Structure formats: C-alpha cells, structure tokens
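The values are calculated or read from the model by the stated rules, or taken from the named source; none is laboratory data. Values in this document were obtained by computation on a predicted structure and should not be read as measured data. Every residue, glycine as well, gets a Cβ built from its backbone with ideal geometry; the counts of neighbours run over all protein chains shown. What goes into the accessible areas is simple: the full protein's heavy atoms, side chains included, and nothing from ligands, DNA or RNA. Shrake-Rupley method; radii C 1.70, N 1.55, O 1.52, S 1.80 Å.
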Amino acid sequence: MYSGPAASAAGPPRRDFISVTLGPEEAVGAGGYNNSKAWRRRSCWRKWKQLSRLQRSVILFLFAFLAVCGVTSYTNMGEAWKSLTDKSLDDQRTKQEIPGLKLANPAVLPAPQKVDANHGDYPELSPQKPPKPPHVRRSPSNLQIKAPWRDTRLKTHHDTIRAVEEPVQADKEEKTEKYIISWRGAMIEPDQSTEPPSSKIKETEKPLSVEGEDQKEPVPLNERQRAVIEAFRHAWRGYRDFAWGHDELKPLSKSYSEWFGLGLTLIDALDTMWILGLKEEFEEARKWVANDLVFDKNVDVNLFESTIRILGGLLSTYHLSGDSLFLEKAKDIGNRLMPAFKTPSKIPYSDVNIGRGTAHPPRWTSDSTVAEVTSIQLEFRELSRLTGDEKFQKAVDEVMKHVHTLSGKNDGLVPMFINTNSGQFTHLGVYTLGARADSYYEYLLKQWIQGGKKENELLEDYMRAIEGVKKHLLQKSEPKRLTFVGELAHGHFSAKMDHLVCFLPGTLALGVHNGLPVDHMKLAEALIETCYQMYAQVETGLSPEIVHFNLHAQKGHKDVEIKPADRHNLLRPETVESLFYMYRFTGDKKYQDWGWEILQNFNKYTRVPTGGYTSINNVQNPSNPEPRDKMESFFLGETLKYMFLLFSDDTDLINLDKYIFNTEAHPLPIWVPA
C-alpha cells in the first residue's frame, strides 16, 4: 500500500498491511474463497456438474481422441526413425564391378521418313477416341531399341504420313532374377552394374542396326500426334524464317535473342525432329551443325544449361541417328566445359568461357546452385562411356559423393546453394523442390537407373529425400484437398509451389516402375492431379510460373491463388512430362485428355500467326494474355516432344526400360553389363 509523503519523512520506509479476517460462516458458508485444495476441488466439481451432459461428453471425447493421436504419433515416429537409421541396405548389397559396359539399346532409330508438310493454319481437331491402354512391359531380358519410322504410307484426308514401326520383339521368356531388400522394404533388381570407363580412350562404339529383326505390326500416328507435328512445324517455321542459327526466336518482332550464340533452339530440337519423323527439317538442321556450329568462341556459357541442352541434345541425337557428327561435337563441347571443375572444392563454377578455357562463379557470389552442379551427371557420365575418357565421369561423380557427405540437409532435403571454395552448403534452412534445387532429386534417381541400379548412395539419398518431402513439404489445399509440395524456410512452411515442381509426379512414377515402393505411385497420382488443376483453375487454362495454395476454406476462393508477379507462362514442359510418365505406366487415358487440353490452350493463347509460339505475361486474362515475344528453346526440345510421346499408343517409342531422359528431355541409353 502507498503510505504517502508523511511516512517517508518520519524515518526509514516501512511496510504497512491491512488484515481482514473472515469467519468460517462468512468465508466458506457464504460462498467465499479460501484457496484451500479441498475448496478448489469442490469448486471445479461444481462447475463440471453445471455443464450439460452434451458438453461433458464432448470434452471427454476430445481428451480421449488426443490421447489416441498421441500414442499413434509416437509409434509412427519410432518406426520412421528406425527405418531411416537402418543400415541393412549397405549390408545386403555387394558392389560389383562388371567390365565391358555396353548400351541397353545397341540399335538406333532408322532415319525418319518425310512427313508431308502442311503449313496452313492450325486445323480444327476433334477429340480423339481413347485408345486401348498400352501394355506396360517391365524389365525385359533383352533390351533393343525400336525402329519407329518405316516406308509404309498411311493416307489421310490432308496428307500422306509415315507409319510408326513397332520395336523388335523382346524375348518372351523372363530370365530368373535375384531380388534384395532395398529401402523400406522395396524390392530392387540388382541385374545391372556400373563401371567407370577405361582411362584408355577406345574406338567409339557405333550403335548397331536392327534391320532384319522381326518387327511388330506398324502403329499409325493418331490425330493428336499429327496435331503435335503441325504445332512443331509452325514453331520451327518461325525459328527458321526469323532466328535461324540463333539461340531463341522472338516471334512477335520476327527477330531473335542470343544467350550463348550457339543455336540453342536448333540443337535442343534435333532429337525431337527425329522422333517426330521430320526428316527434311532434321537434315537441314544437321547441315547447320556440320558447317556452322563452332564452339571456339570467346563467350561465357552456363555450365548447367549448356550441358543439359547442348551436350545432352548432341548425345541423344547421336544415339538416335548413329551419326558420328553429333558425337564429335559432343566431345568438343564436353572438353570445353571441363575448366568449370577446377575449383578448390571440386564443386564446379557456374560459368565457363568455352573459347578461353576459363571458368568463374557469378559476379555477385562464389556460390553455385545445388541443382546446377548435381544435374549434369547423366550427360558427362555418358560422354565418358562413349569416349573411354574417364575424366568426365570422374569430375561429376566427385560432386555427387561430396554432396552425399555434407551436413545441412533436413531429412534428405538440401539447401539451394553450395560454395565453390569451401564446398559447403550456404543459405541454410531453406528447402524447396522448385528452382535451384529441383533436378537434384530427379538426377539422384536417374543416375541410379542409368548406371544399372548399383550405386547405393544415390538410391539412399533419393529415398531419404522423398521421406523428407512427405514429412516437411506436403500439405493439402482447400476446398478440393489438393496435395501439393510447399517450401520450408527456417521452420516456416510456405504454401508456394513452382510449376517446376511438377516434374515430381513423373519421377516418382519412374521410380515405382524400377522397383521402388508402391506408395510413391499414390503420391504421384495425387500430385499430377494438383499440377493439372494449376492449369484447369486458371482463366486461360494455362498454369502460371508459381502458385500459392489456400490452406483454409474461404467462400468464393479456389485452391489456387496467383500473385501478379507470378502469373506468366513460359511454355514449360514439367506437367506434360509427368503426364507422359503417368500414361505410359498406368494406361489411364485421362492423362492424355489433360495433355490435349493443354495443347489446345497453347494454340489458343500463345500461337503467333506468322510462326512460332510466345510465352505470355498474364494467364488470368484470356482477352489479353500479354505476349512476351520469346519462344524458349525447351518448348521444342521438351514440351512438344513429351506431348508427342504422351499421345503415342506405342510404349516402345523411346522405351523407358532402355532410355533415361535428362532434365531437358534428351533420351540417353541405360547401361547394361556386356
């Protein structure tokens, strides 16, 4: 209590108290408060009895429910931890080196036959009658690449097209295979092995011809495939007329843009033209490669982009055509990219001057992105296998082994940046499957498949990462309960998902096809539905670059929200890519129908009448999508290629037991022992 000024003047301060005593009858009998335990118990019981029977039942039910959830969560977390720390994978496998690796598909695709040109306006196309689900073959004992283009002609009401030839008959008898327990009980087939190429350069192996082999009944092109061919021709005509030999077409201004000055669009599209059977266009592009593609230029190129687009495109075209020109060009660019690996940590720099033989990080940092340094392995490993020069594979394998040992991961999820000097992750605590990290996860699985399913560290890192995605990044939206992959920043979850993440459903399905847990396919099915909705819930039917999902139901709101800075569309391939894998492995025709919708919307909102397609700035404005005047090279190299394969009824057209696609959709062969 405050004693006032007089008390302060009288002497040292003292404490004054007021004591109030209540008699028993007043304190308790009259309903007062004495703070005794007995009184508190009686008070709580009195309030409990004052509740209605319904209220008491609800409270008791909630307490029981929380108790059950607690016990269940404790049990599941214990099992997950036990699985993650289980070392049986390494104990049950033996690392064997089998000499003399060769292609899983020693044959080449014979030269495509010419498809009659039709340069008119885009025709009205009726919906295709759904074909019979493809028969999916698993792990054939004798892998041979098919020859898709024959001389058989099929008459249509517009033009004459070439038939598609079925592949060499695989052996009907399944050879006995041994299985081992892999990750979380998955049955993995140890039927192939990886071996570093000999350090001695050997004579280049040329793919063998399949002429004379038994062939299946030719499979004709269907209406949707012909629509893809027409779209490709329209895009190619714009490039040929206004940007020939340059990196990218600017279709509105009828000009071009340069990035590296190496004809990116042309090289990216080579294997697409071969697969689509566009012989005339292919031959013209080949002449440019032979006469005009020169890498001895004083120009900086991005290691990642030039590897996946140029090196990958040249290697793929070599395997499909058997033309050594493309292998020679691949060796040239491969050697010129090697200075990037001359760093203190062996983590490559992001940029290389291919004329001067020097490399450097970006001007603003000494970091490289994790996706870029871990998504060049398929191409360099294959270059070593073809040339016999182990330096290419050794350089990229060192990167993967180093990343495997690094700290800073979160249940298999990796940060986005890595320092080229220290070799350590930087910008810790941020985890995404979008830009700067996406293809790291893709290439873990694909390297394991490419090398014959024997590189255990790659499989372990992939499986841990998928468990990390499930644990930290998966959520469901409202109101449709769409499963999506968000981001984690320093413990805070963001409901943001890049369109780039839509590679994941296809990758998960590919893993299941190669023996990984079946529950990965369930997740793939849920995620591809989400990726489709990223198109279907938008006014133009085209996905934006980034979406944010609603976590709480709101009246009048969809699952997908789009911010003004994110509403552009770059003609990206990731959703179509996953649709291709899902249809190839399930035979569900809805995936073809979804892809058909996307193609129609590309034609409606991005097609430029004078030739080419353009990325757009606003997918939410059908009346004015605001074209950006740029056609990315991957539209021809990836998007239309995956469209064509998605609509194909021929499961052996780029057989997924023989080929693995790099992250730019260039198919490279799967290795098998001699």
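Work out how much length Lys522 to Asp296 would gain on full extension: take 0.36 nm times their residue separation and subtract the Cα-Cα distance, in nm to one decimal.
Details: separation 226, 0.36 × 226 = 81.36 nm, distance 4.88 nm.
In short, 76.5 nm is gained.
With just the Cα atoms of region 321-416, tell me how far they stretch along each of the three principal axes, in Å, largest first.
45, 30, 21
How high is the relative contact order of region 456-596? Use alpha-carbon pairs under 8 Å, at least six apart in sequence, and give a whole percent.
Relative contact order for region 456-596 comes out at 25 percent.
Averaging over every viewing direction, what projected area does the convex hull of the Cα atoms of region 483-640 cover, in nm²?
On the way: hull surface 43.0 nm².
For region 483-640, the mean projected area of the Cα convex hull comes to 10.8 nm².
Tell me, how many Å apart are the Cα centres for region 46-61 and for region 364-407?
If we compute the Cα centre of each part, the gap is 65 Å.
Anything over 20 Å Cα to Cα? Flag those among Lys346/Lys401; Lys470/Lys590; Lys331/Lys394; Lys331/Lys391; Lys329/Lys391, in the order listed.
As for pairs spanning more than 20 Å Cα to Cα, those are Lys470/Lys590.
Computed FRET efficiency, Cβ-Cβ of Ala67 and Thr610, R0 51 Å: what is it to the nearest 0.05?
Working: r = 69 Å, r/R0 = 1.36.
My answer for the efficiency is 0.15.
Could you pull out the GluC sites (Glu not before Pro) across region 528-617 that fall in loop regions by DSSP (anything but H, G, I, E, B) with no more than 15 other Cβ atoms inside 10 Å?
Those that pass, being in a loop and sparsely packed, are Glu539.
Give, rounded to the nearest 20 debye, the magnitude of the charge dipole that region 406-559 has about its Cα centre when Lys and Arg contribute +1 at Cβ and Asp and Glu contribute -1 at Cβ.
240
Kirkwood hydrodynamic radius of region 368-476 from all distinct Cα pairs, in Å?
This gives a value of 14.2 Å.
Mind checking the full-extension length gain between Glu280 and Asn624? Use 0.36 nm per residue of separation minus the Cα-Cα distance, one decimal, nm. Numbers along the way, then the final one.
Details: separation 344, 0.36 × 344 = 123.84 nm, distance 3.59 nm.
Length gained between Glu280 and Asn624: 120.3 nm.
Calculate the length of the line joining the C-alpha centroid of region 301-348 to that of region 447-509, in whole Å.
Going from one Cα centre to the other spans 28 Å.
How long are the three semi-axes of the equivalent ellipsoid of region 389-452, in whole Å, if each is the root of 5 times an eigenvalue of the C-alpha gyration tensor, listed from largest down?
21, 15, 10
Take the Cα atoms of region 357-412, build their convex hull, and give its volume per residue in Å³.
Taking the convex hull of the Cα positions in region 357-412, it is 106 Å³ per residue.
Highest mean first, what order results for 657-664, 583-590, 621-628, 406-413 on Cβ atoms within 10 Å?
Answer by packing, highest mean first, reads 657-664, 583-590, 406-413, 621-628.
How are the C-alpha pair distances of region 236-297 spread across 10 Å bins, as whole percents from the shortest bin up?
Going from the shortest bin to the longest, the percentages are 23, 54, 23, 0.
One quarter of the convex hull surface, Cα atoms only: what value does that give for region 559-674 in nm²?
Seen from a random direction, the Cα hull of region 559-674 projects 9.4 nm² on average.
Averaged across orientations, what area in nm² does the convex hull of the alpha carbons in region 462-559 project?
Averaged projected hull area, Cα only: 6.6 nm².
Could you compute how much accessible surface Thr387 exposes when probed at 1.4 Å, giving the result in Å² to the nearest 10?
Around 10 Å² of this residue is reachable by solvent.
Take every Cα-Cα pair in region 302-349 and report what % of them are more than 13 Å apart.
Value for region 302-349 (Cα pairs over 13 Å): 56 percent.
Give me the distance in nm between label points sitting 7 Å out from Cα along the Cα-to-Cβ direction at Ser494 and Asp566, one decimal.
Going by the 7 Å Cα→Cβ label model, 0.8 nm.
If you average the C-alpha positions of region 558-599 and of region 518-546 separately, how far apart do those two centres end up, in angstrom?
Computed from Cα coordinates, the inter-centre distance equals 6 Å.
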